[in-house]
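Asker: Below you'll find the structure I mean.
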Amino acid sequence: MRIGELAKRAGTTTRTLRYYESRGLLPARRGSNGYRTYDEDDLKLLRQIRTLQDFGFDLEETRPFVECLRAGHPEGDACPASLAVYRRKLGELDALIAELRSVRGQVGEQLARAERAMGELAAEAAAPGGPEPVCAVFPPGTVPGLPVDGNPAGGNPAAAAERRTR
């Protein structure tokens, strides 16, 4: 088959196939007419590469799998070098998972702290004569529709005082 058909069947572009060829992942065979020619084995190589990239492997990490298929193995992960790449990738994934768990814990702690602080502010604001609630995330003048002085009563001190006594 020619490059366009292979690209279509593999769900990729001819440019990608030429790139893989330049990297030595796809064989560079040419017919008597000078056109690149490919077969079902090449399609299998491309599907292996695509699957691994979908799993997060970079292009160079697919090389042992491609070489395993080229050596005649029915699957690209039937060789020791492929297994070594799997092991290394699992180690990377485990490290990322641990890092994400740590970040999740930190975000959870920040959320709990922020919720406690919001509760304390709400309790203070609810007390007669308590302070006006202030949001550190949206300082006065930054909330759309709220006057620069932060007073929803539009700068009317009597209205603000009335709101505080409710």
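Asker: Checking the condition in a helix (DSSP H, G or I) and surrounded by 11 or more Cβ atoms within 10 Å (Cβ to Cβ), which residue from GLU67, GLU120 passes? Outline the logic, then answer.
Answerer: On the way: GLU120 fails: surrounded by 11 or more Cβ atoms within 10 Å (Cβ to Cβ).
GLU67 is the lone residue from the list that is in a helix (DSSP H, G or I) and surrounded by 11 or more Cβ atoms within 10 Å (Cβ to Cβ).
Asker: Related question: Mind listing whichever residues of segment 53-77 are among the aliphatic types (A, V, I, L, M) and either within 16 Å of LEU17 (Cβ to Cβ) or touching a Leu at 6+ places or on another chain (Cβ under 9 Å) (or both)?
Answerer: First, pick out the residues of segment 53-77 that are among the aliphatic types (A, V, I, L, M): 59, 66, 69, 71.
Scanning segment 53-77 gives LEU59, VAL66, LEU69.
Asker: Can you tell me which residue within segment 70-87, out of those that are in contact (Cβ under 8 Å) with a residue 24 or more places away in the chain and assigned to a helix (DSSP H, G or I), is most open to solvent (accessible area, probe 1.4 Å)?
Answerer: Keep residues of segment 70-87 that are in contact (Cβ under 8 Å) with a residue 24 or more places away in the chain, which gives 70, 76, 85.
In the following step, the residues that additionally are assigned to a helix (DSSP H, G or I) were identified as 70, 85.
Details: ARG70: 113, VAL85: 5 Å².
If we take residues in segment 70-87 being in contact (Cβ under 8 Å) with a residue 24 or more places away in the chain and assigned to a helix (DSSP H, G or I), then ARG70 is most open to solvent (accessible area, probe 1.4 Å).
Asker: So which residues in segment 1-12 are open to solvent by 50 Å² or more (accessible area, probe 1.4 Å), more than 19 Å from VAL66 (Cα to Cα) and out of contact with any Phe, Trp or Tyr (no Cβ under 6 Å at 6 or more places or on another chain)?
Answerer: Within segment 1-12, GLU5, LYS8 meet the criteria.
Asker: If LEU26 passes every condition in (1) assigned to a loop (DSSP other than H, G, I, E, B); (2) free of Cβ contacts under 8 Å to residues at least 12 places away in the same chain; (3) of a type outside the set (Phe, Trp, Tyr); (4) surrounded by 15 or more Cβ atoms within 10 Å (Cβ to Cβ) but one, which one does it miss?
Answerer: (2)
Asker: Which condition number does LEU6 fail, the rest of (1) under 28 Å from the mean Cα position of the chain (by Cα); (2) in contact (Cβ under 8 Å) with a residue 40 or more places away in the chain; (3) part of a helix (DSSP H, G or I) being met?
Answerer: That leaves (1) as the condition not met.
Asker: So how many residues does segment 29-52 have that are more than 17 Å from GLY72 (Cα to Cα) and either more than 33 Å from the chain's Cα centre (by Cα) or open to solvent by less than 50 Å² (accessible area, probe 1.4 Å) (or both)?
Answerer: If we filter segment 29-52 for residues that are more than 17 Å from GLY72 (Cα to Cα), which is where we start, we get 29-37, 50-52.
Those left that are additionally either more than 33 Å from the chain's Cα centre (by Cα) or open to solvent by less than 50 Å² (accessible area, probe 1.4 Å) (or both): 29-37, 52.
The number of residues fulfilling the criteria is 10.
The values are calculated or read from the model by the stated rules, or taken from the named source; none is laboratory data. Everything quoted here is computed from the prediction, not taken from an experiment. Note that each Cβ is placed from the backbone with ideal geometry, even for glycine, and that neighbours are counted across all protein chains shown. Remember, those area values only see protein heavy atoms, side chains included, never the ligands or the DNA or RNA. Shrake-Rupley method; radii C 1.70, N 1.55, O 1.52, S 1.80 Å.
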